[in-house]
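Undergrad: Please see the structure below; I have some questions.
The values are calculated or read from the model by the stated rules, or taken from the named source; none is laboratory data. Computed from a predicted structure; not experimentally measured. Positions of Cβ are generated from backbone atoms using ideal geometry, with glycine treated the same way; all protein chains shown enter the neighbour counts. The area values use the complete protein model at the heavy-atom level, side chains included, leaving out ligands, DNA and RNA. Shrake-Rupley method; radii C 1.70, N 1.55, O 1.52, S 1.80 Å.
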Amino acid sequence: MKPINDALVGQPGLAVVDIAADDATAFAVQNLLAAHCAIAPADRSTRDPGEPGVRLRCFLDLRQTPDT
């Protein structure tokens, strides 16, 4: 995964969440987050060779509700 840079979290209320889990759990966590705040969801997970499970990164904006 690419490093998190200042622009991604440069304002209060912005967050980057990296999830490490099995595929189904990673997307379930993303769906739970999406129910509580605005989110730029990931459409696929990545697998690091030699590491267990998958990784999924999503971007959250806690300043907005999911409806906006």
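Undergrad: Relative contact order for the chain using alpha-carbon pairs under 8 Å, separation at least 6, rounded to a whole percent?
TA: The value is 39 percent.
Undergrad: With every protein chain kept in place and ligands, DNA and RNA left out, what is the accessible area per residue of the chain? Probe 1.4 Å, answer in Å².
TA: 69 Å²
Undergrad: Let me ask another. Report, in debye and to the nearest 20, how large the dipole of the stretch 9-68 comes out about its Cα centre when Lys and Arg carry +1 and Asp and Glu carry -1 on their Cβ.
TA: With only Lys, Arg, Asp and Glu charged at Cβ, the dipole is about 120 debye.
Undergrad: Something else now. Which option, (1) 21, 49, 27, 4; (2) 22, 56, 22, 0; (3) 20, 54, 22, 4, 0, is the value of P(r) over Cα pairs in 10 Å bins from 0, in percent that was calculated from these coordinates?
TA: Of the labelled values, this structure produces (1).
Undergrad: For the stretch 16-68, which trypsin sites (Lys or Arg not before Pro) pass both filters: DSSP loop (anything but H, G, I, E, B) and at most 14 other C-beta atoms within 10 Å?
TA: Arg44, Arg47, Arg63
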